[in-house]
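Report on one structure; see the data block that follows.
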Amino acid sequence: MSIVRTIVLLLSAILLGLVGGYSWSKWSGAVPVQPTSPSAVSKPSETAEELESSVYYADCDAARAAGSAPVMAGRPGYRAELDPDGDGVGCVPIATN
């Protein structure tokens, strides 16, 4: 008898939860979320190449003064002239002892 009672209570709780959730969403003023279409999503205003070329450091001292050293490949301000060994890290900090 205990198993039947447990099953009835469980089903009652599920039914009450479903009805309560529906009632809450129906009368609470909740607004359904509309899925966004791919055409509604805005595109980035700049491409990676445009962003990289929008930041320019004359040399590594300028990059350090701006607080941007080391300059990593793919990040704004990176260019091959700042990376003499070509490892993708420009304006490597100078080690001092």
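The values are calculated or read from the model by the stated rules, or taken from the named source; none is laboratory data. Predicted, not measured: the structure shown is a model, and the values here were computed from it. Cβ atoms come from the backbone with ideal geometry, glycine included; neighbour counts cover every protein chain shown.
This table checks each residue for (1) at pLDDT 80 or above; (2) out of contact with any Gly (no Cβ under 9 Å at 6 or more places or on another chain).
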residue	(1), (2)
Ile7	yes, yes
Ser12	yes, yes
Gly20	no, yes
Val31	no, yes
Pro35	no, yes
Ser39	no, yes
Ser45	no, yes
Val55	yes, no
Gly67	yes, yes
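Please list, ordered by first then second residue, the pairs with beta carbon atoms under 6 Å, 6 or more apart or interchain, first in the range 74-97 and at pLDDT below 90, second acidic (Asp, Glu) and outside any loop (DSSP other than H, G, I, E, B).
Pro76/Glu52
For the range 76-91: of the residues being part of a loop (DSSP other than H, G, I, E, B) and under 11 Å from Tyr56 (Cβ atoms), which is nearest to the chain's Cα centre (by Cα)? Full working, then the answer.
Keep residues of the range 76-91 that are part of a loop (DSSP other than H, G, I, E, B), which gives 76-79, 83-88, 91.
Next cut, under 11 Å from Tyr56 (Cβ atoms) only: 76-79.
Working: Pro76: 18, Gly77: 22, Tyr78: 22, Arg79: 26 Å.
In this case the residue turns out to be Pro76.
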